[in-house]
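Read-outs throughout are calculated quantities, based only on the coordinates presented, and are distinct from any laboratory measurement. It should be emphasised that the depicted structure is a prediction, and the values quoted were computed from it without experimental measurement. Reconstructed Cβ throughout: ideal geometry from the backbone, glycine too, with neighbour counts over all protein chains shown.
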């Protein structure tokens, strides 16, 4: 179910353009933080999608550009077999899809945290990092959204723990 707090003002919702841009920037920054876990060779479409998201945030790319980049990344995720790489590709998909629908922003966090779990890194440290770099203008929105989804996230994370290498 869609969280109406993430609906943009121009669509009749409360989310300002500034908040929308902060959400996509934060999402991409967090994906970049776990990107080294992908491996030595990061697929071009992940790098391109993050670049398009940044360009959208700066006003130099369209929502259509972001959607096309998102389609490429999710297609990549479907081809991958490594769970860490799949999680990072899906995190990237959510991050770039934030241009189209802002409520994708918190969704990427689940996949970034799964990548951390798959690599036996500290879940709590990564979650703290994500929260520490949250801009104040979107902090309450993101944290309350995360809290609302915590029950389904816990189930998802439990499954990730079982799939670890």
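One chain, two ends: residue 137 and residue 100. Fully extended at 0.36 nm per residue, the span grows by 11.3 nm beyond their Cα-Cα distance. Modelled this way, with points 7 Å down the Cα-to-C-beta line, the labels at residue 60 and residue 128 are 3.6 nm from one another.
Put a dot 7 Å past the Cα of residue 40, heading toward its Cβ, do the same for residue 71, and the two dots end up 3.4 nm apart. In this simple spin-label model, placing a label point 7 Å from the Cα along the Cα-to-Cβ direction at both residue 33 and residue 81 gives a separation of 3.2 nm.
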